[in-house]
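Before any comments, here is the structure.
Each reported figure results from applying straightforward, stated rules to the coordinates on display, with no laboratory input. For clarity, every value in this text was computed on a predicted model and none was experimentally measured. Cβ: placed from backbone, ideal geometry, glycine included. Neighbour counts: every protein chain shown.
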Amino acid sequence: MNAVADIETRIEPLFRGFRAPLSPGAAVAVTKDGEEIFAGCYGLADINHGVPIARDTLMRIGSQTKQFTVLLTLMLEAEGKLSLDDPVQDHLPWLPRFPHPVTLRHLAANTSGVRDFLEAMIFAGRSIFTPGERQTARDALARQDALNFVPGSAMIYSNSGFFMLSEIIETLEDACFDEVLKRRITTPLGMADTHMMPRDSTVRPRLAAHYAWGDEAWRRLGWGIVLGGEGGMISTLDDMRLWQRTLERGEAPWAPLWKRMESPTVYANGKTGLYGLGLVNEPYRGRRAVGHGGSVSGGRSESMRFPDDGLGIVILANNDRISTFSLARRIADAVFGDPPPEGRLPAAAGFYRQENGSEVFEIVEQDGRSFLRSADGDVPLQAASDGWFRPERGITDLSLSPRPDGTLDGLWCGAARRYRKLTPRRADAALSGRYANAAQGLDVVIEGDATAAEFRLRSDLGAFGCRIEALDRDLWLMQPADTAIQTGDGWMAVLTVTASGFVLSSERTRGLSFEKVA
């Protein structure tokens, strides 16, 4: 390890961008063997009033909430109130019967195949910025007519699983999630500043404003949906350090449950994944790393531990311009004294398409680094081992390796794939017409030629319009609409033409079918 002063010299530049005037920022703490070796607070908690971020500033932790949700679920299992092997409909009878059984274990491991309810709302025309209730999410899930994949065969990150687990917790405990969280976890640990905050419109002392970047300026853009066990918690740097310290020491009576959460999932094909039960377990440069991040409107967070090395990193940020997962890794590099990892995929930039499939991504070059661009935005690529590269994102189980012929070998959840470079071209025919997904009550009208068209969708949940552009003879890209959550320069979805209509697929929604009706 480097001396503490040297570590500070290495870490401080990583946050230089948040020293600018009128900028939101972040709070960070780094520990070694339980002792804090670096901490800093950067930027403003409230730009309007010039309030700086402090250790006790309340910020959203987003999907870090998922680890608390799973822990509460395991506590209930230990008390005999449920089993992870229960079919989800045993606890939530309003859910449809899916083509394959889905268990609570599948929900907690992101291996259920259930489509993400946030995307289900978006692709039904319901903006997540529109004020709503939890019932809207239930309605979106209740009308799902298919799964992304056979449960247990793969992993696609889905907020739906943790939404459903939190619903089950509230039912079995006959109390709201925040009350259960307080009684079972935060009060015993002394985490007085850690709560559920369902709505972005909530007013609290010391609560940071959360900022999104758009039109070359910071703006406050809160979600209208009501958040729960999938991502609704707020906390402070000190509380999250207390949480991490408890895990490091293994002092809590539920420490054995945590060990189960850390264990990575094994897919049906026998390959080991990178997600456990509510936790990411992805090695980094040969070192075991465990934790979870969070992403909400105007907020990012990360809690990452290197348990075999005694290193802990906590980051809370009140803006969407920071990649906390990558930043935590750069902090680890600084502490371990490692040079920055190789980040350039030796393959020509451009679009790539899965052979015998419709999965599409783009490799883009920025400042000497390679990025994977998809429907989920831009993610930096990092060298893994033996010529393989992985997106620097703990919830995407994909590896890529270039071949001499210009194609890319891929491993998606342990399954081999091949990707060929795609030269954008006109479609074979215009996609104009009217289409429907009758099971979900979705109606689409498309007007345009074989190069570009206007896409308009309606349902009883809402409506939206956007532009689609041809990428291949049977492939179209759906460009961002106002109702979408977008990061970077990604697209919303890919439309693949079929004999009877088209299929819409995004990062968390696969195979949403539409049939032509006029």
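Highest average first, the peptides 249-259, 315-325, 118-128 ordered by how many other beta carbon atoms sit within 10 Å of their residues are 315-325, 118-128, 249-259. Placing unit charges on each Cβ (+1 for Lys and Arg, -1 for Asp and Glu) gives the chain a dipole about its Cα centre, and among Ile61, Pro205, Trp476 the Cα reaching farthest toward its positive end belongs to Trp476.
Projecting the Cα atoms of Gln366, Leu398, Pro380 onto the dipole axis of region 350-422, where Lys and Arg carry +1 and Asp and Glu carry -1 at the beta carbon, places Leu398 farthest toward the positive end.
Kirkwood analysis of the Cα pair distances in the chain returns a hydrodynamic radius of 23.7 Å. For the peptides 290-301, 260-271, the ranking by mean Cβ contacts within 10 Å, running from highest to lowest, is 290-301, 260-271. Can you bin region 116-183 into rounded, prolate or oblate? Criterion: square roots of the alpha carbon gyration tensor eigenvalues sorted a ≥ b ≥ c, rounded for a/c under 1.5, prolate for a/b above b/c, oblate for the rest. Oblate shape, in that a/c is at least 1.5 and b/c is the bigger or equal ratio. Taking each DSSP H run with n ≥ 4 as -39500 (n - 2.57) and averaging over every residue of the chain yields -5500 deg cm²/dmol at 222 nm.
Between amide H atoms placed 1.01 Å from N, distances below 5 Å from Glu342 occur with Ala383, all of them 5 or more places distant or on a separate chain.
Kindly identify region 433-516 as rounded, prolate or oblate by the Cα gyration tensor criterion: order the square roots of the eigenvalues as a ≥ b ≥ c, call it rounded if a/c is under 1.5, otherwise compare a/b with b/c, prolate if a/b is larger, else oblate.
rounded
The packing ranking of peptides 451-458, 84-91, highest mean first, is 451-458, 84-91, where packing means the average number of other beta carbon atoms within 10 angstrom of each residue.
Round to a whole angstrom and tell me the spacing of the C-alpha centers of region 216-273 and region 379-449. Here the two parts' Cα centres lie 28 Å apart.
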